[in-house]
Amino acid sequence: MSTQTNGMKPAKEINLNQGGSLVEVKALTKSYKSKAVLNNISLALEPGHIVGLLGPNGSGKTTLIKILTGAIKDYQGNVSINGAPVGPGTKAVVSYLPDTAYFSPWMRPTDMISLFKDFYADFDDKKCLDMLHRLGLSEKQRIKSMSKGMIEKFQLCLVMSRNALFYVLDEPIGGVDPAARDFILDTILTNYNENSTILMSTHLISDVERIFDTVIFLREGEIVLQGNIDNIREEEGKSIDQLFREVFKC
């Protein structure tokens, strides 16, 4: 994301779809040339869940995330959020944290907070500033002087300060030091709407699995495991991190 809006209008609020799943993916296939990156996958995500999207590099996680957030539009199958096909309208209920920074170096947090406030009707600037301060950040510090971890914390503040229905977090703690991870996970837990769903992609499974309700294992574009995390632990007799290492061992 940049300060250029390219003529896009601020997203409008969308009411919660009554009944059914919040996110529905049916027979989704996405190919690059002749290779299927996602191969006929289907899933449904219910409100009130934190879902771990797990898999090795090249498994299709990023492609699925980009489809759900509307960044990729050419695919086969049906994808809907809150009862509507993914498109410009669903951006009003989706809050997306990418795995790369999207700020201009000259900007300060106050600049991005103003932009988010103008662009998203559900953005709470006071909540963002409070989270920013609790994470030890200054709203007046220039982005170019921030470390990677500081930038990731700030992006998380922006994303979690929206009152969205679907939060998509791509590696939210990848560049954050271990001492700050629990604090950030607690920040995620305490700052999302209970009627919403969080989909989180991460490689740091042992650090994060305590907050998951559900997990999805992707391998070579196919879902190889999906279910309630407590049921999986009980059936397999091991943690999700241990199971991941077993399923995806080289």
Discussion item. I'm trying to understand the selection: among the residues of region 132-166, which are open to solvent by less than 20 Å² (accessible area, probe 1.4 Å), in a helix (DSSP H, G or I) and farther than 15 Å from Ser95 by Cβ?
Written reply: Leu132, Ile143, Gly149
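Considering only residues of region 176-192 that are touching a Gly at 6+ places or on another chain (Cβ under 9 Å) and assigned to a loop (DSSP other than H, G, I, E, B), which is least open to solvent (accessible area, probe 1.4 Å)?
The first filter runs over region 176-192 and keeps only residues touching a Gly at 6+ places or on another chain (Cβ under 9 Å), leaving 176-177, 180.
Imposing the further condition that a residue be assigned to a loop (DSSP other than H, G, I, E, B) reduces the set to 176-177.
Numbers: Val176: 6, Asp177: 77 Å².
The qualifying residue least open to solvent (accessible area, probe 1.4 Å) is Val176.
Considering only residues that are closer than 26 Å to Asn193 by Cα and free of Cβ contacts under 8 Å to residues at least 12 places away in the same chain, which ones fall in region 28-69?
At the first step, the residues of region 28-69 found to be closer than 26 Å to Asn193 by Cα are 42-54, 61-69.
Result: Lys66, single match.
Here is a check on your reading of the model: is Ile72 under 29 Å from Ile184 (Cα atoms), in contact with an Asp or Glu (Cβ under 8 Å, 6 or more places away or on another chain) and at pLDDT 85 or above?
Working: under 29 Å from Ile184 (Cα atoms): yes; in contact with an Asp or Glu (Cβ under 8 Å, 6 or more places away or on another chain): no; at pLDDT 85 or above: yes.
No: the conditions fail for Ile72.
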Discussion item. Anything in region 197-238 that is open to solvent by less than 60 Å² (accessible area, probe 1.4 Å), within 25 Å of Pro178 (Cα to Cα) and not β-branched (Val, Ile, Thr)? List them, or say none.
Written reply: Leu199, Met200, Ser201, Leu204, Asp207, Glu209, Phe212, Asp213, Phe217, Lys238
Practice prompt. Consider only pairs whose beta carbons are under 9 Å apart and that are at least six residues apart or on different chains; among these, list those whose first residue lies in region 200-211 and is within 18 Å of Lys61 (Cα to Cα) and in contact (Cβ under 8 Å) with a residue 60 or more places away in the chain and whose second residue is hydroxyl-bearing (Ser, Thr, Tyr) and open to solvent by 10 Å² or more (accessible area, probe 1.4 Å).
Written response: Ser201/Thr62; Ile205/Ser239; Glu209/Ser239
Practice prompt. Return yes when Glu246 is closer than 24 Å to Lys35 by Cβ and among the acidic types (Asp, Glu) and no when it is not.
Written response: no
Worksheet item: Do we find that Ile173 is open to solvent by less than 10 Å² (accessible area, probe 1.4 Å), of a type in the set (Val, Ile, Thr) and closer than 15 Å to Gly55 by Cβ in this structure?
Response: no
Fill in: strands (runs of 3 or more DSSP E) wholly inside region 17-125 that include at least 1 residues being crowded, with 17+ Cβ neighbours inside 10 Å and among the polar types (S, T, N, Q)
76-81, 94-97
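The values are calculated or read from the model by the stated rules, or taken from the named source; none is laboratory data. From a predicted model like this one, the values you see are computed outputs, not experimental measurements. Quick reminder, even Gly has a Cβ in these numbers, built from the backbone with ideal geometry, and neighbours come from all protein chains shown. Protein only, heavy atoms only, side chains kept; ligands, DNA and RNA dropped before computing areas. Shrake-Rupley method; radii C 1.70, N 1.55, O 1.52, S 1.80 Å.
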